[in-house]
Amino acid sequence: QVQLVESGGGLVQPGGSLRLSCTTSADTLNYHSIGWFRQVPGKERVGVSCISSSDGSPSYRDSVKGRFTISRDKAKNTVYLQMNSLRPEDTAVYYCAAVYLDSCPGTDIATSLIDSWGQGTQVTVSS
């Protein structure tokens, strides 16, 4: 079974940085692309970034492009989301998800393609 656990969330000031981690069960990164999503209460869950299992190519939501970087360490079964220049609008619960695709179709990933979700980690950007 595919399992994922997020960590690294917390409170950060505007302009600050935070790195989220998504640790997966063994071999997950060999067969699943990994997406990062975020959700604000009362709003829809939206894709933020995705990294393809085939070649590690990244994709980003326009609003985070140039500020966020997704990467993977296959030896550690972990995907990271480095978030720089954080803004209050980035405040949300962030989730990682295992996507049953070799390549990410951008960040607009249908939930039917997701095998498993992490539990979520809160990111709050505030003074």
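The values are calculated or read from the model by the stated rules, or taken from the named source; none is laboratory data. Keep in mind that what you see is a predicted model, and the values were worked out from it rather than measured. Ideal geometry is used to build each Cβ from the backbone, glycine not excepted, and the neighbour counts take in all protein chains shown. Just the protein is used for accessible areas: all its heavy atoms, side chains included, with ligands, DNA and RNA removed. Shrake-Rupley method; radii C 1.70, N 1.55, O 1.52, S 1.80 Å.
Label-to-label distance for residue 17 and residue 69 is 0.8 nm, based on points extended 7 Å past Cα in the beta-carbon direction. Charge dipole of segment 13-106 (Cα centre as origin; +1 on each Lys and Arg Cβ, -1 on each Asp and Glu Cβ, all else neutral): 240 debye, rounded to the nearest 20.
Based on C-alpha pairs under 8 angstrom that are at least 6 apart in sequence, segment 44-124 has a relative contact order of 32 percent. Near residue 13: Cβ cut-off under 13 Å, other residues only, Lys/Arg at +1 and Asp/Glu at -1. The net charge is 0. Ordering 126, 59, 97 by Cα displacement along the dipole of segment 51-127 toward the positive end leaves 126 in first place; charges were set at the Cβ atoms of Lys, Arg (+1) and Asp, Glu (-1). Note on residue 1 and residue 122: their simple-model spin labels are 2.7 nm apart, each label 7 Å out from Cα toward Cβ.
Each of the peptides 76-87, 115-126 was scored by the mean count of other Cβ atoms within 10 Å over its residues; in descending order, highest first, they stand as 76-87, 115-126.
A 1.4 Å probe run over the chain, with the rest of the protein chains in place, finds 50 Å² accessible per residue. Where the accessible area of the chain is counted over protein heavy atoms with a 1.4 Å probe, how much of it, in %, is carbon and sulfur? With neighbouring chains kept in place, the figure for the chain is 46 percent. Over the C-alpha trace of the chain, radius of gyration and Dmax come out as 13.3, 40 angstrom.
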